[in-house]
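Worksheet: one structure, shown below.
The values are calculated or read from the model by the stated rules, or taken from the named source; none is laboratory data. Being a predicted model, the structure only gives us computed values, none of them experimental. Cβ placement follows ideal geometry from the backbone for every residue including glycine, while neighbour counts extend to all protein chains displayed. Heads up: the accessible areas ignore ligands, DNA and RNA and are worked out on the full protein's heavy atoms, side chains in. Shrake-Rupley method; radii C 1.70, N 1.55, O 1.52, S 1.80 Å.
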Amino acid sequence: MDDLKAKYLSQIADAADEAALEAIRVAAVGKKGEVALKMRELGKMTPEERQVMGPKLNALKDEINSALSAKKSALADAALDERLRSEWLDVTLPSRPTRRGSLHPISQVQEEITAIFAEMGFSVAEGPRIDTDWYNFDALNIPGHHPARAEMDTFYMHRDAGDNRPPHVLRTHTSPVQIRSMEKMGAPLRIICPGGVYRADYDQTHTPMFHQVEGLALDKDISMANLKWVLEEFCRSFFEIDDVELRFRASHFPFTEPSAEVDIRCSWDGGALKIGEGDDWMEILGSGMVHPKVIAAGGIDPDVYQGFAFGIGIDRLAMLKYGIPDLRAFFDSDLRWLRHYGFSALDLPTLHGGLSR
Ligand code: PHE
């Protein structure tokens, strides 16, 4: 039995891996192993012999088993040490420049617009996308019978019969935020409001959801000249071109008087759009002097305060600046499109650092 013990303990000590160890276990203490065979011999022994040999065999079995499990965990430790030696990572290395997420062009353009107007002293205001028809229409001097309501292809929220709450709509423009801002902050006032708006319309340049940025400036002596300067300054900064040329075209909105739509000079030579040169004009925004009724609806005295407002199509600006031909692709969530037209999330646009590097 001493020979058995010496043989297996030295084999266990020399085992190189878990497979070798398992082979030793089977040969020694497995069901048909040497120790088991010896145990079987106990039956043929005299009771006296058995009393001596039984405990000895059991002790041998225990000893071999504990040597096996000690060796097993030693092998596992060694394997782990080896892995730790080879699989290391230098966490002080700079990260790889793989671009995973990117900013959607609309988010990018929204940041650019906000940066420009912030520099001119406008703060950002917000309003709900689901609003009452009073904020979206009546307060903006668009009464119930007004054709503009029909023209805007409004989405009305469902109302059960007998529901007496005011009708709600998906806002058709950001102009209701004019009223909400006047109510909240009074005058003088200088805000922009970027955000989503909704109209039932769908083609290459129209989607049921799109984005506008509203602008509103109220004070005692604000004139159309200020509006012109602000918009020209904005376009120069936004398109990063010094000689942008704008055309103010007389127009009509119920909430401004006088009203102007603004076109930007551009060319389509060779199918590529160029801003600031050529013989074409592209409409980019609506604007005007805020109607006295609208100022009064916002709770401000129109005999004391006056000002201008404008509404710019953000998606339209993004298409123009970054040469994106189809508006519908903005909302397809196609990863290939997003990778191509997306912007680095870490380069925040600023006027001094550059808007769109
Ligand atoms: N709300 C107008 C539209 O969506 C744009 C506009 C805003 C015009 C402010 C004038 C003043 O078409």
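Being over 22 Å from I312 (Cβ atoms) and either β-branched (V, I, T) or touching a helix residue (DSSP H, G or I) at 6+ places or on another chain (Cβ under 6 Å) (or both) is a property that P147 lacks.
Residues that are in the same structural domain as L327 (by TED's automatic domain parsing) and away from the ligand (no atom under 16 Å from the Cβ): which helices (runs of 4 or more DSSP H) entirely in the stretch 98-162 hold 3 or more of them?
105-119
Hey, could you check the stretch 207-239 for residues that are surrounded by 21 or more Cβ atoms within 10 Å (Cβ to Cβ) and of a type in the set (G, A, S) and say which is farthest from the ligand (Cβ to nearest atom)? Selected residue: A217.
Scanning the stretch 307-357 for residues that are under 20 Å from the mean Cα position of the chain (by Cα), aromatic (F, W, Y) and under 17 Å from C235 (Cβ atoms) yields a count of 1.
Filtering the stretch 244-271 to residues that are in contact with a strand residue (DSSP E or B) (Cβ under 9 Å, 6 or more places away or on another chain) and in a loop (DSSP other than H, G, I, E, B) leaves V244, E245, F255, W268. Number of residues in the stretch 8-36 that are open to solvent by 80 Å² or more (accessible area, probe 1.4 Å) and free of Cβ contacts under 8 Å to residues at least 12 places away in the same chain equals 5.
Restricting attention to the stretch 173-197, the residues that are at pLDDT 95 or above and either not in a helix (DSSP H, G or I) or not assigned by TED's automatic domain parsing to the domain that holds Q212 (or both) add up to 14.
Among residues of the stretch 189-215 that are of a type in the set (K, R), those with a beta-carbon under 7 Å from a residue that is within 12 Å of the ligand (Cβ to nearest atom) and in a strand (DSSP E or B) at least six positions away or on a different chain give the pairs R190/A217. Selection over the stretch 339-353 of residues that are open to solvent by less than 40 Å² (accessible area, probe 1.4 Å) and closer than 12 Å to S107 by Cβ gives a count of 4.
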